[in-house]
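Note sheet for the following structure.
The values are calculated or read from the model by the stated rules, or taken from the named source; none is laboratory data. Everything quoted here is computed from the prediction, not taken from an experiment. Cβ sites come from the backbone with ideal geometry, for glycine too, and all protein chains shown count toward neighbours. For the accessible areas, the whole protein counts, side chains as well, though only heavy atoms, and no ligand, DNA or RNA atoms are used. Shrake-Rupley method; radii C 1.70, N 1.55, O 1.52, S 1.80 Å.
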Amino acid sequence: MSVLPGEGTHVILYGSTSFPTRATHLPAYLARPDLAGAYPAVVVVPAAEGVTSGIKDVARRLARHGLAVLVLDPYRGGGPGRRATPEEREAAFARLEDRRVLADLDAGLAYLRRPGTEWADPARLGVLGIGAGGRWVLLGAGEDRVRAIALAYTPLAGLDDAVVRVPLLGLYGRADESVSASDVEAAHARLPQSEWVLYDGVGGGFLDDGSAGYDPEAAEDALERLVEFFAARLAVSAPTPR
């Protein structure tokens with residue numbers, strides 16, 4: 001890993017990594033503050049495109065504000081690749097099994113809770129689901145497992161009682177063809193204690209600069225909101241000098 005001073009308050013370490021499970025090691029991307037300490041941590045489940053450069057940038061931005069961020073690779077290194085057509089990506093995503101990806105999410109959360117993971121605070125965990133990848137966040141996260149959930153343009157069909165009791169931030173585009181504004185408004189009505197944002201004239205994919213739907217203004221605002229949300233819900237503190 002390498003060190004990058006940049007936006008935010010923390011110098012960070014970042015790069016491709018792997019983490020252990022009972023049977024194997026799973027590929028992932030990690031960005032975390034470089035200073036010693038147990039930081040609040042966020043597991044990211046990416047959209048159908050997988051661990052793109054844009055999602056890595058999101059992880060680094062969050063890390064510079066005091067979060068340890070572990071991005072899962074639902075394809076386990078065998079994704080469709082950058083040159084794949086939208087149809088090929090959709091087909092690859094459709095082949096992913098819920099059971100396997102949920103097991104990876106379990107493993108990621110368990111890894112951050114391990115006593116040997118000295119840079120993550122096991123009592124302060126959150127999750128971020130992006131696009132269709134948020135499906136597994138909705139299936140696998142609950143109040144007994146995490147303290148905060150954020151979703152970015154994730155279909156909302158999987159909202160259940162275990163999820164709705166967790167503080168939640170939803171970031172959506174009003175022009176998204178996959179998630180209607182009425183779906184977001186209905187979720188807000190059901191969960192008045194949660195936070196929801198609808199960006200006018202913006203569709204899905206606005207957070208990832210490699211996506212056709214990328215919107216720089218919406219992405220910047222969304223990143224600021226994610227930082228504020230996780231900072232408040234996971235009690236992120238300022239860095240202390242070495």
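So here's what we get for this one:
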item	result
At 1.306 mPa s and 10 °C, Stokes diffusion of segment 91-226 via Kirkwood alpha-carbon radius, µm² per second	102 µm²/s
Considering only the chain, percent of DSSP beta bridges that pair antiparallel, nearest 5	40 percent
Positive-end extreme of charge dipole, the chain - chosen from L191, T85, A63 (charges on Cβ)	A63
Trypsin sites (Lys or Arg not before Pro) within segment 1-77, DSSP loop, no more than 11 other Cβ atoms inside 10 Å	R22
Fully extended contour minus Cα-Cα distance, from T17 to R113, at 0.36 nm per residue	32.8 nm
Sites A123 and R76 - FRET efficiency at Förster radius 30 Å, r taken between beta-carbons, to 0.05	0.60
Nearest-20 debye value, the chain charge dipole, Cβ charges on Lys, Arg, Asp, Glu	1040 debye
Cut-off under 5 Å, modelled amide H: who pairs with V42 long-range	A68, V69, L70, G126
Long-range amide H partners of V202 with built H, under 5 Å	R174, A175
Point-to-point label distance, A181-Y214, nm (Cα→Cβ direction, 7 Å offset)	2.6 nm
Carbon plus sulfur fraction of accessible area for the chain, probe 1.4 Å, in percent	48 percent
For D34, distant residues with modelled amide H under 5 Å away	V11, I12, L13
Loop-located GluC sites (Glu not before Pro) in segment 67-129, at most 16 other Cβ atoms within 10 Å (DSSP)	E97, E118
Near-label residues of segment 54-69 by backbone N, under 20 Å of a point 7 Å along Cα→Cβ of R83	54
Debye, to nearest 20: dipole size of segment 178-236, +1 on Lys, Arg Cβ, -1 on Asp, Glu Cβ	360 debye
Net dipole in debye of segment 129-233 [+1 Lys, Arg Cβ; -1 Asp, Glu Cβ; about Cα centre; nearest 20]	480 debye
Accessible area per residue, Å², segment 163-215 with all protein chains present, probe 1.4 Å	47 Å²
HN-Hα J in Hz across segment 206-212 - Karplus 6.51, -1.76, 1.60, θ = phi - 60°, x for Gly and Pro	5, 8, 9, 6, x, 8, 5
Charge dipole (the chain, unit charges on Cβ, about Cα centre) - positive-most of L96, L125, P216	L125
Karplus 3J(HN,Hα) series, Hz, for segment 182-187 with 6.51 cos²θ - 1.76 cosθ + 1.60 (x for Gly, Pro)	5, 5, 5, 5, 5, 5
Cα gyration tensor shape of segment 87-149, rounded if a/c is under 1.5, else prolate or oblate by comparing a/b with b/c	prolate
